Each structure stands twice: as C-alpha cells, then as structure tokens.
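Novice: Input: one structure, supplied below.
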Amino acid sequence: MNTTIAPAIRTDEWRTRLRNGRGAIKQAFLAGTSIRSLLSRNKLLVDSVLQELWTSLDLPASAALVAVGGYGRGELFPYSDVDLLILLAHPALPDEQSAIERLVGLFWDIGLEVGPSVRTLDECLIEAERDITIGTNLLESRFLTGNQPLYQSFRQRFTQQLDPRTFFEGKLLEQDQRHARFNDSAYQLEPNLKESPGGLRDLHNLRWLTQAAGIGASWHDLVVAGLLNPDESRQIQKLEHFLFDLRTRLHYLAGRREDRLLFDYQQSLAEQYQIRATSTRRSSEILMQRYYRSVKIVAQMRDILLPSLRARIFGNNQLPIISLNPRFQIRDNLLKVMDDSLFERQPSAIFESFILLQQHPELTGMSASTLRALWRARRRIDADFRRDPVNHAQFMQILRTPQRVTRTLRNMNHYGILGRYIPAFGRIVGQMQHDLYHIYTVDEHMLTVLRNLRRLTIPELSHEHPLASRLISGFARPELLYIAALFHDIAKGRGGDHSTLGMADARRFCKQHELSRADAELVVWLVGEHLVFSSTAQKQDLSDPDVIARFTQRIPDERHLTALYLLTTCDIRGTSPTVWNAWKAKLLEDLFYASRSRLSGDTSLHSGIDKVKTEASRLLRLYGLSPHTEDALWHNLADSYFLRHEAQEIAWHTRHLWHRASTSTAVVRARLSPIGEGVQVMIYAPDEASLFAQICAFFEAINYTIADAKVHTTHNGYALDSFLILDKNQRTVAYRDFLSYIEHELAKLLNSHVMLKTVTRGRVSRHLKHFPINAEVNLRPDERGKLYTLNLTAGDRPGLLSAIAQVLYQHNINLCCAKISTLGERAEDTFMIEGSELNQPQSRLQLETDLLRILNI
C-alpha cells in the first residue's frame, strides 16, 4: 500500500481548505445565515475532507469510517470534537495498524480535533453493552466512507442488541447524576448550556430515547407517534434553535470549545443579539433571563415527554387505578386528570391538582396528559382567576399544609403557575442578581429561603440551627414567614429600594387573601425590614447598648423580632452555600438575645457587666486560680472590654495574662473557636500604632481572613486584642501544630518591630472584573462624638484588609472594634475608630480619599 506520498503533498491543501471553509462559514453565520445552515455546512465540509483523506491513504478495504456522537447526528459546532469510529471487520494487522495511526495523526495535522476510536464490529457491541456512553455514541452513527456492507451489518446487529428498557433506565440515571453535578439547578451565574438541567443535553436525551424506542430521531417523528402535538414540536424546535445559536456564538467568541456562559462572554453575546440595557438592568442580565426561561420550558417539555416515552417503552404497570374524586385519579403512581379539558373549563382545578400532589406522598408526579393539559390552560390564570376567593383559599391551603410546601411551590414555579398567579413573582423568574454573593436567580433564591424556613420545622434537622428550630416550633401561623420569603426580594430589578417597593406587593397579596390586619402588618413589615437584622449584626458593635437600643426601636414586639431573626437566618443561607458560617450564626444569635432582653425591659448596663464578671470568675475557679487572682489584670480593663467579650473568652484571656500583665514582649495565644469554626487568637502587647496593620499582614500571609476583631487598650497602655480568623481555602490542617505556629510566629513578628511590608494588589476574580462594585467609604461620628464609625464597601481581594490597616496606621488612627464581613466577593467592613485627626475636617477628607484610592486599585 502506498501511504506516504499523497498525504505529504496534500496536507497543506486540506489544512487550507478546512481553514478557509470554516472561515467562510463563520462569516456567513455572523452575516445572518441560519444556524441550521451553519451546522449542515460544517458537517459537509468535514465529511468531504475526511472522505478524500481516507481514499488517499489506501486504507484496508475491510474497514469503514463512521461519524458518531454529535458529528454523527449532524450537529458539528465550530469547535466541537469530531467523533469518529474506525470500524474493522477483524483486528488490525501490523501494516493496517500503522496506516490507521498515520490517518489519526493526519487528522490532527490538518487541524481536526478528533475523538477517534478503533474497534471491530464485535468490540463495538461488547463495549456498547458495557458502557451506556459508548452505546449512546454509536446510536447516532452515520456512514462516511469505506466498507458500507460492514457498517450496515453493524447497524443491524447494534439495533437488535439494543434493549430500550435498559437504555431508558440507564439514560435517566445518567441524567439525574448530571443534574446533581449542577445542584439540580439551571440557574447558576455561569451555566453550562450543554450539560445543565434544561440544556442541550436534555434535548439530546429525549431524542436518544425515542431512537432507542424505534420511534425516530426527529421531533416530527414524535408528532407522528402522537407523543407531541404540532404546536409543542414547533416550541421545542424554537428552543433548540436558540440554544444551538447561542452555543455557536459562544464558541466563536471563546475561540475554542466552550459551553459555559462565562461572564467574559455574556455582555458580548447580548450585543450580538442587539439587546439593550435598561435603566435598571444590564443587557447581559436580560440575555441571561431569556436563557433561564428557555431552559425552564425545555425542562417542562422534558417532563411531559418522559412519562409518555416510559409508557411507550414499558407499557402500563397494571397498578390499580385509584379514584381521588370525580376529577382526578392515580394511575401508575401519577396524578391523572379525568378530562383533559378540565383545567380550561374549570381553572380552579389547577390549584386542586397541586394540593392533591401535596397531600398524597405516593404520587411521583403528574401524568403526561395532565402536564399537557396544565400547559395548555396556563393562560386561564388571569385577572379573574386571581380575584377568585376559591383560588385564594386553595393557595393559602398549600402554604398552611404541614408537609411538602417547598416541593409544591417549586413545582408551581417550574410549570409557570406561580408566576402567573403572582405577576410580580413572574417578572423576576430567571432574573439574575449580579451582586457578587447571590448565586441564584431571584425566584430560585426566594424559594430557597422558603425551603430553609421549612427545614427549620423538621425535628430531625433541629441540630443544624438549634435556636431557629426552637423558635419556629413555637411560632404561630408560620405561613406568614413563607409569604414574607416569597415577597422579600420580589421588587428587585425595578429600580429604587426593593424592600419598600416589595411592601406594596406584599400588602396587596395579604389583602386579596384576607389575612387579618395583624398578620398582614407582620408580613409587610418583614418585607420592608428584611435587611436590617443582618446589617446591624454584621456591621455594628453589638456590645454597645445604644446600638441595641436603636435597633429595638424598630421592633414592635418579640413576635416581630423572632420572625425577623428567622427570615434573616434563612435569607443569608439562601444566597450561596459559601456565605453562611458559624460566625454569622453567632452574630445573629447575639443580636437576637440582646434585643429580646431589651424588649423585656432589661436595660441595665452594670448588671450585665457584673453577670459577665461573676461567670468569668466562676470559670477561673474551675481552672484552679485562687479568688481575686484576676483583680490586678481586670483593674486595668475598662467596662467596654467586659461588654464586648463573653465570660468564657474573658476567663481564657485571664488564665494566660494574670501573671504577665506588665510584660515587655507580646503574648499570643490561639485556640479553636468555641463557635465550632475558625481559630480564635488573643494578642497582648505594649500598644503601638502599627500593631493592627502588622497583625493583618500576618494573617493575610498565612491565607486566613479576619472575621471579627475586638481591640481594647488597657489603662496601663497595653493592647488586648481578640481575633476570629477563618481559613479562606477551608484546608484540613493539624490544628495543634497550626495553633503553635501562630503563637510562635506572630509573637516573633510583633516583638521584632520590623517595618511593614508593602501589600501587593491581589488578583481580581472574573466575576468582580465584569461586575465591579463601586467602592464606598462612609465615616460618621457616634452620638457621643467620641468614636467614629467607618463603613467600607468594595470588591474583595487578597491583601485588601492589610491595605486598609496600613492607611489607618499612616493616619494615626486607633482601632477599637472591627466587623469584617465578606459576602461572596463583596467586602463590607465596619470599624470603630478614634484619633486626633478625626477632629479635623480636612484630615477626615484626606483619610476618606486615601481609603477610596486603595479600595479602587
């Protein structure tokens, strides 16, 4: 066989032909050619090159070249792999193997990114039966060139071997596992438009299942088989067309195979679709909402088709049919409407169907005919439907039912019912929140908050949040909390204060659903105040009685306090899995207890200090310290120290410092935090202006972030500081060695009195790069004019806190207290500070200017 001369001559010709052909196809597409034309032209271009290449190499006459996978079904996107099967009649002989290797090498030489496999016919059948992924790839095979009788024999034997039932179960399991990788949500900030729920892979899966069942490979075949009607077929093809088009543009923008809608491309894609920004929303957010709503409809069509396909492949299970009432029955563990026109004739039956699903745990879902009937009747949820008292009562029944509230509301949202019943909710379906800590769309976030509230009611899960679980168990009419969860962010994207705007929507809902005046007031109040609890707990000094007094002035009574605490806890947990931590939980609990005490009439400052001292003394006796051992140390501590520290923390400090109150060197002690997360570090040293900056630089160097800082200056000129630090990377470390390392190395640094190192600018994340946060500096005196509160907001980055600390040091600012809050990639830090420069307006202005400079670097 002559296998060397022709390829050497024509490699450049094929490479140029591919490059020029692909360039022409790209230009035609960007000029307006349809996506179907692009896919077809890509396929034909690669087909022709492969066929010529195969012929030129004089490969074995017994072999065949076969397109498989996406290339086999004719969907060759700009940077997709070209999946190929070299089908052999028998194992390759040495010279045949050499020719095949040269062929594969030539594929790459001319610029084809191939995914080749070389198998005999028997090996194909064995591998297909063993691995469903290989079987799926072969299901979409298409003959290119070579031994056609061999390929026909393969197709015949493969079809005979394929078991539709096994294939169906395997693909559904594969789909479930794939969805689980994305937390069963399509509503991520940077979704994968191929693999995420509702994406292209879900459409592929439906077509694979219909092929395996012998129905056909096109959506028209499903219409002929009676599994889709013509309108549904057009709808699904329209969605497929949009996802095809979006994926193609994404490939061209990335210059590579890229199926994730990354921030880097969202704005450019929106511009290609000529989407214009509004006064309240970016064009990229509008594009992403279109995407989210599209994949939601794909998921709805998937849910309609899968039960029908299962019935076609498996037949009826012959389970007894159970009549629930004259309108509904249970068939094969699915809820089935007796008359497909019921929802259109009697729209109130729409809510009834969800109530039945909620009441009957044996139901696994709705039948295909019921889902289709629901789909057709969704527009009957109109103004008349929303005014009907029967529907009001049914919706409230869903909220008041003790079980499956979250699942029911998620299903109602999934099928487009919830957004039609509450139009304000419908407007935020699929609306992304680019605030650097919400990772879900607004509708998904609000339903997640509701789910978190529901989890608190489950006794088996009470260990997760003991206080919140205990409080909600005694909270009368918890459905009011669920309504607040559904409305607290409902006005996002409109411009203005979403809390205030959302109050009007909540008030309207409560009036329509005839809630009592007191209950309606609570819901509306929660929507309006839902940010206050979190802001106070994370940004203010909770040891300051004035802070608690100002906060409780907004709280009518303990029921309102409890409701706001519960909603806030679940709201923060519903933004992102990474935002919540034990420290935030403790801050919220501390504010709750302090506020409840204040509301009950306990306003005595000194009684609180006496209680803390008494408990700390008791703990010291347990450690064997004699009575009054602590007096010398405590004599030099102001009341503010005892207000800001808990008894166990004071006892810990005192055990290590009672005999070292006048030390000339720094004392550093570290322990695992009593709250169960992070490390608590105590530092006692002669006070100096650069101390806080040095400490920040050290923690930054070991990649820990400061969550809380309590800085106290004793009467005799020492700094007694307490820090809670958290590992940015959540590494597993040997804590005993690590604690010793902190104690030794930090003390060594502080005792060396070395000059501060310049903090380098950390790398900004892609998210922050594309959705930057405007830095804010807010400096204001407290009511007594003694201290200033400094609030800073900026995009978080490595080294940020160290840079802030250096600016404070350069301005001779003393730190009294710090609350360091990181919400995703958004830093919101609060400092209580003092210093002579703060008394001069010009100096304050310069401080704010310098802080803004380093925040905006």
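Novice: As an exercise, take the mean of 1/r over every pair of distinct alpha carbons in segment 387-522, invert it, and state the Kirkwood radius in angstroms.
Specialist: Result for segment 387-522, one decimal place: 15.7 Å.
Novice: Relative contact order, percent, of segment 453-574 when contacts are C-alpha pairs under 8 Å separated by at least 6 residues?
Specialist: 25
Novice: Rounded to two decimals, what is the ratio between the C-alpha radius of gyration of segment 1-92 and 2.2 N^0.38 Å?
Specialist: 1.22
Novice: Computed over the Cα atoms, what is the radius of gyration of segment 273-432 divided by 2.2 N^0.38 Å, N being its residue count?
Specialist: Cα-based Rg divided by the globular estimate yields 1.14.
Novice: Let me ask you something else. Using alpha carbons only, what's the Rg to Rh ratio of the chain with Rh from Kirkwood?
Specialist: Over the Cα atoms of the chain, Rg/Rh equals 1.05.
Novice: Lys/Arg Cβ at +1, Asp/Glu Cβ at -1, dipole of the chain taken about the Cα centre: which of Thr789, His463, Val224 is farthest positive-ward?
Specialist: The one lying farthest along the dipole's positive direction is Val224.
Novice: Next question, about the same structure. Please compute the modelled spin-label separation between Thr401 and Glu521, points set 7 Å along Cα→Cβ, answer in nm with one decimal.
Specialist: With each label point 7 Å from Cα toward Cβ, the separation is 3.2 nm.
Novice: Now for a different question. So with the 1.4 Å probe, I'd like the accessible area per residue for the chain, rounded to whole Å².
Specialist: Accessible area per residue, the chain: 43 Å².
Novice: Apply the Kirkwood formula to segment 619-674: the hydrodynamic radius equals the inverse of the mean of 1/r over all pairs of different alpha-carbon atoms; give it in Å with one decimal.
Specialist: 12.2
Novice: May I pose another question? Using only the Cα atoms of segment 167-286, what do you get for the radius of gyration and for Dmax, in Å?
Specialist: So, for segment 167-286, Rg and Dmax equal 16.5, 52 Å respectively.
Novice: Moving on. What percentages make up the Cα-Cα pair-distance distribution of segment 17-175 when the bins are 5 Å wide from 0?
Specialist: 2, 8, 18, 19, 18, 15, 10, 7, 3, 0
Novice: Okay, moving on. What pairs in Lys586/Lys728; Lys511/Lys586; Lys710/Lys748; Lys194/Lys584 have C-alpha atoms more than 25 Å from each other?
Specialist: Flagged as over cut-off: Lys511/Lys586; Lys194/Lys584.
Novice: Per Stokes-Einstein, at 4 °C and 1.567 mPa s, what whole-number D in µm² s⁻¹ belongs to segment 452-583, with the Kirkwood radius over Cα pairs as the hydrodynamic radius?
Specialist: 83
Novice: How large is the convex hull of the Cα atoms of segment 105-160 per residue, expressed in Å³ as a whole number?
Specialist: Hull volume over Cα atoms, normalised by residue count, gives 97 Å³.
Novice: Same structure, new question: Under a Cβ-only charge scheme (Lys and Arg +1, Asp and Glu -1), can you give me the dipole magnitude of segment 590-710 about the Cα centre, in debye to the nearest 20?
Specialist: Dipole magnitude for segment 590-710 comes out near 320 debye.
Novice: Taking Cα atoms of segment 293-360, Rg/Rh with Kirkwood Rh, to two decimals?
Specialist: Reported Rg/Rh, Kirkwood definition of Rh: 1.00.
Novice: Now for a separate question. Just want to confirm a number: the relative contact order over segment 5-80, from Cα pairs under 8 angstrom separated by 6+ residues, in percent.
Specialist: That works out to 39 percent.
Novice: Please give the calculated 222 nm ellipticity per residue for the chain, where each DSSP H segment of at least 4 residues contributes -39500 (n - 2.57) and the sum is spread over every residue; nearest 500 deg cm²/dmol?
Specialist: -17500 deg cm²/dmol, from helical runs alone.
Novice: Using only the alpha carbons, work out the radius of gyration and Dmax of segment 629-706 in angstrom.
Specialist: Just the Cα atoms of segment 629-706 yield Rg and Dmax of 13.5, 37 Å.
Novice: DSSP H helices in the chain with Cα extent of 24 Å or more along the helix axis and mean Kyte-Doolittle hydropathy at least 0.0?
Specialist: 35-56, 283-314
Novice: Separate question: First check a/c for segment 43-91, with a ≥ b ≥ c the square roots of the eigenvalues of its C-alpha gyration tensor; if it is under 1.5, answer rounded, and if not, answer prolate when a/b is larger than b/c or oblate otherwise.
Specialist: oblate
Novice: Here's a follow-up. So how strong a dipole does the chain carry about its Cα centre when Lys and Arg Cβ are +1 and Asp and Glu Cβ are -1, to the nearest 20 debye?
Specialist: Around 1800 debye, computed over the chain.
Novice: Provide Lys611, Lys43, Lys171 ordered by accessible surface of protein heavy atoms (probe 1.4 Å), highest first.
Specialist: The residues order as Lys611, Lys43, Lys171, largest area first.
Novice: Report, for the chain, the % of DSSP beta bridges that are antiparallel, rounded to 5.
Specialist: Close to 90 percent.
Novice: I need two numbers for segment 263-305: Rg to one decimal and Dmax as a whole number, Cα atoms only, in Å.
Specialist: Cα-based Rg and Dmax for segment 263-305 come out at 12.7, 40 Å.
Novice: Related question: If I take every Cα pair under 8 Å that is 6 or more residues apart in the chain, average their sequence separation and divide by the length, what percent do I get for the relative contact order?
Specialist: It comes to 7 percent, rounded to a whole number.
Novice: OK, next. Hey, got the dipole for segment 504-603? About the Cα centre, +1 on K and R Cβ, -1 on D and E Cβ, debye to the nearest 20?
Specialist: About 220 debye.
Novice: Something else about it: Hey, if you put +1 on the Cβ of every Lys and Arg and -1 on every Asp and Glu Cβ in segment 99-195, which of Gly115, Thr145, Pro164 ends up farthest toward the positive end of that dipole?
Specialist: Looking along the dipole axis, the top candidate is Thr145.
The values are calculated or read from the model by the stated rules, or taken from the named source; none is laboratory data. Everything numeric here is computed off the predicted structure, so don't read it as measured data. Counting neighbours? That spans all protein chains shown, and the Cβs are built from the backbone with ideal geometry, glycine included. Quick note on the areas: whole protein, heavy atoms, side chains included, nothing else; ligands and nucleic acids left out. Shrake-Rupley method; radii C 1.70, N 1.55, O 1.52, S 1.80 Å.
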